[in-house]
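First the structure, in the form of structure tokens, and then the observations on it.
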Ligand code: 9MR
């Protein structure tokens, strides 16, 4: 079906929760307040009011007004908001609004699994494919992968894990934060007593019915891979993690995973990857223990080894230049990774050596752990803070108070940036860079955690209103999530979900999040089609625009986290 024309009245195209905020943004040259009318499916006006003129909105480059119909709390489908003769796309108001997206956004990770057939009985025949990268020709990995020249003189079995994005690379720093977010979504839900929705047999994964929560089964597929990336005992740099494994040269679109004929290569260990492994494996040890103590022990042993190895090799930086055949994920500042890993190891073990590593880190008191640009694969201090703020630990009460205040202050900053913008986006006008949607979703997580810490409803409202942005209330009226909304992204950059370039292949599955607006225009399609764009409008739903329209595990992970949170009923 063709995408609908973009309405001047921008709403969450999926809808709104009955007890949540309900706001829309209207693009208009009028400077006077306008009347808004909410109509139900039979065309009856059920609510009306006046818009608030907001004037020029910098990120979108538009003149806008805001309609607030939060006080309307009845439920139904087919609502339309009308302002000044323009109708919004139709939307629902219902409590189960996010139930479908909760499982679809998490199912993304099963689709991205390497080293296992993606099964038609779980995902439908269009999305099924043979196992990729199990050493079956023409694949040249990942069961026995050699290193780049000069890095090591042995091969390593690094099968499994998730493909990072639209390519077939697997990168420890990005895989680690993504697995952490998936596990953290479960850990957070469990604290709230709402983890049943993420429990066993809630997802379309092969492990359903095994007694372990499906969200943890999914994360384990990646954690097993991350542990395979650890340098074996007895080899140089034992305990470090190889930074990444990917093709020697970029493949074209389309390339099915099982058809990738490129040589695979391990790239040299890095301190950042090693600490990312230490952090995610330490979290694994804590969260998996009630379900599988032996696995928790394995994770903890890997985390301890990684920590020790990183201390012995504290400055092995992954270079920005290493980007042939795969992304660089270069990072020359790893004090934040040291802090995050120490925080996870301390929260899991309570041991004084890890506590000392936390309290002696410059990040322990830094005001910069949270920024308006969010956390990410190169900025991990916030993850350590979220763990120390929420997982019981033995830090002095004054430290804990300061840590928790840092979360709520960051959330207050996001709320005030939202309030100052016509589209209520929790990032600043200069924050639209590669993967901005991941940054947006991450900031909503900080607001959600602030809500947990304080019980203050304004933070939940901020997190929910962020969903509105991702699902259509934005500068271009685009829902960035495939299968959700009237005008949804469906041509994301991907080597298998490449329908736009090969009609025999599928579009991305429902629940896939596009990277989002990026005003640096870092691919040829963006350069051709988006010249002169306002920051929040620098997006094109074209398979060639990898810098605005790729999918990636580190963007779908915060979406899945946030959706699971939004799907929770506030009354039980
Ligand atoms: O998300 C990454 C972004 O922060 C970087 O600016 C960009 C360029 O290095 O790379 C992005 O990650 C890509 C990775 O390099 C390769 N796999 C696809 C990732 C998403 O586009």
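Taken together, the values in this text are just the output of simple stated rules run on the coordinates, not laboratory data. From a predicted model like this one, the values you see are computed outputs, not experimental measurements. Positions of Cβ are generated from backbone atoms using ideal geometry, with glycine treated the same way; all protein chains shown enter the neighbour counts.
Quick look at the numbers
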{"item": "Scaled radius of gyration (Cα, divided by 2.2 N^0.38 Å) that the chain gives", "result": "0.94"}
{"item": "Cα-based helix-to-principal-axis angle, 335-349 vs the chain, degrees rounded to 10", "result": "80"}
{"item": "Sorted by Cβ neighbour density within 10 Å, fewest at the top, the residues 155, 143", "result": "155, 143"}
{"item": "For the range 358-411 and the range 9-78, distance of Cα centres in Å", "result": "36"}
{"item": "Length-normalised contact order of the chain in % [C-alpha pairs under 8 Å, at least 6 apart]", "result": "16"}
{"item": "Estimated Rh, the range 492-572: Kirkwood, alpha-carbon pairs, angstrom", "result": "13.9"}
{"item": "Ranked 267, 493, criterion: other C-beta atoms within 10 Å, fewest first", "result": "267, 493"}
{"item": "Rounded if a/c under 1.5, otherwise prolate or oblate - the range 372-461, Cα gyration tensor axes", "result": "oblate"}
{"item": "Three-way shape call for the range 99-395 based on the alpha-carbon gyration tensor, with the a/c threshold at 1.5", "result": "oblate"}
{"item": "Exposure proxy order (Cβ contacts within 10 Å, fewest to most) of 233, 136", "result": "233, 136"}
{"item": "Counting DSSP beta bridges with both ends in the range 99-395, the antiparallel % (nearest 5)", "result": "90"}
{"item": "The range 258-297, Rg to Rh (Cα coordinates; Rh as Kirkwood inverse mean 1/r)", "result": "1.22"}
{"item": "Angle between the chain longest axis and helix 99-111 axis [Cα atoms, degrees, rounded to 10]", "result": "30"}
{"item": "Between 0 and 90°, nearest 10: helix 293-312 axis offset from the chain longest Cα axis", "result": "80"}
{"item": "For the range 170-218: rounded, prolate or oblate by the Cα gyration tensor [a/c cutoff 1.5]", "result": "oblate"}
{"item": "Mean residue ellipticity (222 nm) of the chain, computed from DSSP H runs ≥ 4 via -39,500 (n - 2.57), nearest 500", "result": "-11500 deg cm²/dmol"}
{"item": "Relative contact order [Cα under 8 Å, 6+ residues apart], the range 99-395, whole percent", "result": "16"}
{"item": "Cα centroid separation - the range 518-547 against the range 82-115, whole Å", "result": "24"}
